[in-house]
Structure formats: structure tokens, C-alpha cells
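Working notes, structure below.
The values are calculated or read from the model by the stated rules, or taken from the named source; none is laboratory data. This structure is a prediction, so every number in the text was calculated from the model and none was measured. Note: ideal-geometry Cβ built from the backbone for every residue, glycine included; neighbour counts use all protein chains shown. Calculation scope for accessible area: heavy atoms of the full protein, side chains included, ligands and nucleic acids excluded. Shrake-Rupley method; radii C 1.70, N 1.55, O 1.52, S 1.80 Å.
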Amino acid sequence: MKLLDKYILQKFLTSFIFTVLVLVLVICVIDFTEKNDDFIKHNLSAKKVLLEYYVNLFPYFANLLSPITVFIAVVFVTARLAARTEIVAILASGVSFKRLLLPYVMGGTIIGIVTFGLTGWVIPLANKTRVAFERLYVKNPYVYKGRNVHIKIGPRSYAYMESYDNTNNVGYRFALETIDGIQLKRRMTADAISWDSTRKAWKLTPQVIRTFNGQQEKLQTMPARDTTLNLYPKDFASTYRLSETLTLPELNAFINQKIERGADDTQIYLSEKYERYAYPYAILILTVIGVILSARKSRAGVGGQIALGFVLAFVFIIFVILSRNLAQVGQVHPILAAWVPSIVFTGIGITLYRFVPQ
């Protein structure tokens, strides 16, 4: 690495860290003004709010805004170099524009790798505490409102509940069916099923069991008893920001479980998974676009170029949000939705590059 590379890379990374700190601190202040009434209502101490919530909220916003902060940092650094005619001097010395991009690409790659590690393993751990805090002190108490719930709990086993009380962990009008192909082989029904947290098992009220063998049917009754099922109270718990609290291995396991059970909300978690892979590449692309847009000296000055950086970065975020929503409602495949913003901005970057003086 040459002295010029170290010079640009240092300025880039320093500006990125400074931009992250400023933007996230401003957002945290705004967030505090919105939630302060909830903190007061629950008589929370400043220490508890800071350590359990804002310490964990900071990395979440830092990651969420990483495309914006990277783009702004690149534009700020490059525009200042251009305003002081340093870029002109660099290019006049025989350094090509492609070679000038190298330290920026290195910086974007470093940030992208760190971001992937954080989003895959570190930030979800912080989100567990943050989301639990929000559920307890900010959001209204969760009430499960599902009706006539069917869940696949085994290769041939299906559980049914007419309703479920998540406060007391009791399900009503419970049925457990065994289906071979399209034939019903066994059906067990009970008026209620309740979770025993001590034994980690379900307690069934007296059951009626119907067994089918061709045209023959056998009827049997069973007294109240405990049983274990591939079904847990967490399956009926709040899913508020659940995808954000799962590490990458946990997310993969959770998605596989959703697919096996035939759940209809799998797209949400697939979208989260593929976005984590697409984000580092998006950071790299936005880094290159930022250099291209700000490498020339502008009459609008550094401020105008930074404003343009804000606009384009927010356009990228809007692309991400729209693609995510389309993926979650099933109109676009999650892989395509995760990569569409990066693909679009890659095309923009290539187009812009063609018009930059070499």
C-alpha cells in the first residue's frame, strides 16, 4: 500500500466513523424525545434506559444507515480533495482514475466485511435485549389473535387449535391429526391444552381418539395426561422484530422450521437473510458511485455534493424498503428483492463512470 492509499483510506474511514456517530446520535436523541413518556410512565432510571436500550439501539441504527453514512463519507472526503485540486494533482502525476479508486474500494470492502460480521452475529445479540425492552416498556402488551390455527409439527402430524391464550399459554379446541398422503389415519381431540413450564410439557384434558383403517373406525377415550409435542408457547409469541434478533445460523434454522411447517410468513425471514448478504456489496457499490460523483470540482462546492450524496443515499434506502415490502407480500422473490437495489445502482455506477474524465 502506497502513501497515497494510506492517506485516502485513513480520511475515508475516519470520516465514515464520524458520520456514523453524528447521524446515529441525532437519531437517538429524536428517538428519546418520542419514547420519553413511556420511560417516565414505567419509572425507568436513566442508567437502565441507556444500558439496556440505547447501547443496543446504536449498533442497530449504525448498520441500518451504513449505505448512507458510507456514501456521505466518500462524497465528503472526495469533494474536499477535489476542491483543493488534490485529485487534479494526483491524476496529473500519472495515476489513473481506476488506480485512484483502489483505496476507496479497500475501505468499502473493509466496511462491508465488518458489516456482514456485525449483522450476522453481533447486532442480533444486541437486538435481543433492545427488542425485549421495547416489548416490555414501549409496545402494548401482546395478545395472540390467531383463529383456527393449523401447524405441521411432524412429517405426518398436524396440530389444530381454534384459539390460543398466550397470557396463560392455553389452547382451546385442540386436535392432533396423523395424515398419510391424503388419508386421515388418526385424530385426537381435547377441549384444551395447557403448557406446564415446570415439566416443559403440554397438559391435555380428557381426549377422544379416533383411529381409521380403511372403512373401519376405532373410538377410544383417554384421561387427562401430559405429553410432549414439537410445539411450544414461543410459536404463539410476538414476532415483533423477531428476524432482527436472530443470528445468521439461528435465522437459517428458523427458516427451515418455517418451511417444514408450511408457514405463510417465511418470506419475511428469507428477505432478512438475503439482505444481510446483499448489504456489503451495496456498500461497495455506493462507495464507488460516491467517488465518481464527487471527483470533479463543482461550482456548488462541497456542500452541494454532500447534499447530492444524501439524496442518492436516501433513494437507495427507498429502493431497499420497497423491495423488502414486495418480497414480504410474495410479489417478488426474496433473493431478487434483496439484490435489486444493488443491481440498479450498479447500472447507475457503470453509466456514471463512462462520463467521468479519465
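Here are a few things to note about the model shown:
- L9 touching a residue at least 12 places away in the same chain (Cβ under 8 Å) and outside any helix (DSSP H, G or I): no
- Output for region 144-168, where each listed residue is open to solvent by 30 Å² or more (accessible area, probe 1.4 Å), over 16 Å from A192 (Cβ atoms) and either in a strand (DSSP E or B) or in contact (Cβ under 8 Å) with a residue 60 or more places away in the chain (or both): H150, K152, S157, Y158
- Test: residue in region 50-65 that is farther than 28 Å from G120 by Cβ and touching a Phe, Trp or Tyr at 6+ places or on another chain (Cβ under 8 Å): no
- In region 25-37, the count of residues that are acidic (D, E) and more than 27 Å from R324 (Cα to Cα) is one or more.
- Meets criteria (modelled with pLDDT under 95, polar (S, T, N, Q) and either in contact with a Ser or Thr (Cβ under 8 Å, 6 or more places away or on another chain) or open to solvent by 40 Å² or more (accessible area, probe 1.4 Å) (or both)) for S294: yes
- Those residues of region 109-124 which are surrounded by 14 or more Cβ atoms within 10 Å (Cβ to Cβ) and either over 14 Å from P280 (Cβ atoms) or in contact (Cβ under 8 Å) with a residue 40 or more places away in the chain (or both), in sequence order: T109, I110, I111, G112, T115, F116, L118, T119, G120, V122, I123, P124
- Test: residue in region 319-340 that is loosely packed, with under 14 Cβ neighbours inside 10 Å and over 18 Å from Y269 (Cβ atoms): no
- Of all the numbered requirements in (1) assigned to a helix (DSSP H, G or I); (2) free of Cβ contacts under 8 Å to residues at least 40 places away in the same chain; (3) exposed (fewer than 14 other Cβ atoms within 10 Å of the Cβ), P141 misses one, and that requirement is (1).
- I40 vs. criteria open to solvent by 10 Å² or more (accessible area, probe 1.4 Å) and either closer than 17 Å to Y7 by Cα or outside any helix (DSSP H, G or I) (or both): no
- From the list R187, R99, R130, R135, the lone residue that is outside any helix (DSSP H, G or I) and either surrounded by 13 or more Cβ atoms within 10 Å (Cβ to Cβ) or at pLDDT 95 or above (or both) is R187.
- The residues of region 217-234 that are in a helix (DSSP H, G or I) and either over 30 Å from F116 (Cβ atoms) or not charged (D, E, K, R) (or both) amount to a single one, P233.
- Just one of the listed residues (F254, F314) is open to solvent by 70 Å² or more (accessible area, probe 1.4 Å) and in a helix (DSSP H, G or I), and it is F314.
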